[in-house]
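For reference, the structure is listed below as structure tokens.
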């Protein structure tokens with residue numbers, strides 16, 4: 001899709017996978033940042049190209065220069081979010097080395113930090129999947145499934161190494177993913193818990209769900 005390539009950010013290295021800008025739109029191209037805010041506030045169908053153009057400080061033809069349609073903007077926005085989730089998670093796993101317990105913890109932490117720091121992306125990703133056209137939806141679901149497989153692999157590897165005792169690894173992996181994703185629905189930066197406290201509490205919960213000793 002030429003428009004996506006022209007406007008989307010290039011490949012990112014996520015070595016500092018714990019670090020996030022306070023503004024969820026800070027790392028996004030201007031059009032996608034404007035679309036993210038509009039979709040999160042008004043929904044995909046409640047937002048027009050004219051709305052996105054105005055928020056981005058562009059003309060409508062200026063938006064169409066980068067993206068052929070509002071559908072393409074939604075697909076690009078959701079692709080960028082998945083790029084970031086997968087990229088940060090792979091970096092977290094790499095930083096943990098080969099120890100299965102450390103890899104499990106790093107992956108859980110990565111998922112929790114992403115859903116704390118990218119709440120609008122998480123909301124749009126879950127609420128607007130219904131708005132994707134069939135081919136776009138299938139592509140997005142495939143990438144979402146790839147993220148889920150990272151959790152499944154971390155649980156299975158932990159069980160194989162004897163550091164986790166999950167009797168049903170795939171079901172446990174789904175429960176852990178839901179736990180991490182759910183952070184986006186309630187976390188607030190001005191709330192009573194710091195990001196590190198949220199991470200630590202969710203690590204305790206995830207370890208218990210997966211049957212970690214102690």
### Task
Scan (1) in contact (Cβ under 8 Å) with a residue 40 or more places away in the chain; (2) closer than 28 Å to residue 186 by Cβ; (3) surrounded by 15 or more Cβ atoms within 10 Å (Cβ to Cβ) for the single condition residue 66 breaks and write down its number.
(2)
### Query
If you take the residues of the range 166-198 that are crowded, with 19+ Cβ neighbours inside 10 Å and more than 21 Å from residue 212 (Cα to Cα), which of them is farthest from the chain's Cα centre (by Cα)?
183
### Query
Before we move on, is residue 144 at pLDDT 95 or above, closer than 24 Å to residue 27 by Cα, out of contact with any helix residue (DSSP H, G or I) (no Cβ under 6 Å at 6 or more places or on another chain) and assigned to a helix (DSSP H, G or I)?
yes
### Task
Would you check if there is a residue in the range 201-214 being out of contact with any helix residue (DSSP H, G or I) (no Cβ under 7 Å at 6 or more places or on another chain), at positive phi and either part of a helix (DSSP H, G or I) or in contact (Cβ under 8 Å) with a residue 24 or more places away in the chain (or both)?
yes
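Would you point out the residue of the range 23-47, among those that are outside any loop (DSSP other than H, G, I, E, B) and touching a residue at least 24 places away in the same chain (Cβ under 8 Å), that is surrounded by the fewest Cβ atoms within 10 Å (Cβ to Cβ)?
Out of the qualifying residues, it is 30.
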### Query
Does residue 146 satisfy the condition of being farther than 28 Å from residue 21 by Cα and in contact (Cβ under 8 Å) with a residue 40 or more places away in the chain?
no
### Task
Check 112, 163, 80 and return the single one that is assigned to a loop (DSSP other than H, G, I, E, B) and buried (at least 18 other Cβ atoms within 10 Å of the Cβ).
163
#### Entry: Failed item in (1) in contact with a helix residue (DSSP H, G or I) (Cβ under 8 Å, 6 or more places away or on another chain); (2) touching a residue at least 60 places away in the same chain (Cβ under 8 Å); (3) within 22 Å of residue 126 (Cα to Cα), with residue 175 passing the rest
(2)
### Query
Counting just the residues of the range 24-44 that are modelled with pLDDT of 95 or more and out of contact with any helix residue (DSSP H, G or I) (no Cβ under 7 Å at 6 or more places or on another chain), which one comes out nearest to residue 81 (Cα to Cα)?
33
### Task
Consider residue 152 carefully, then state whether it is in contact (Cβ under 8 Å) with a residue 12 or more places away in the chain and not in a helix (DSSP H, G or I).
no
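The values are calculated or read from the model by the stated rules, or taken from the named source; none is laboratory data. As the structure is a prediction and not an experimental result, all values here were calculated from the model. Note: ideal-geometry Cβ built from the backbone for every residue, glycine included; neighbour counts use all protein chains shown.
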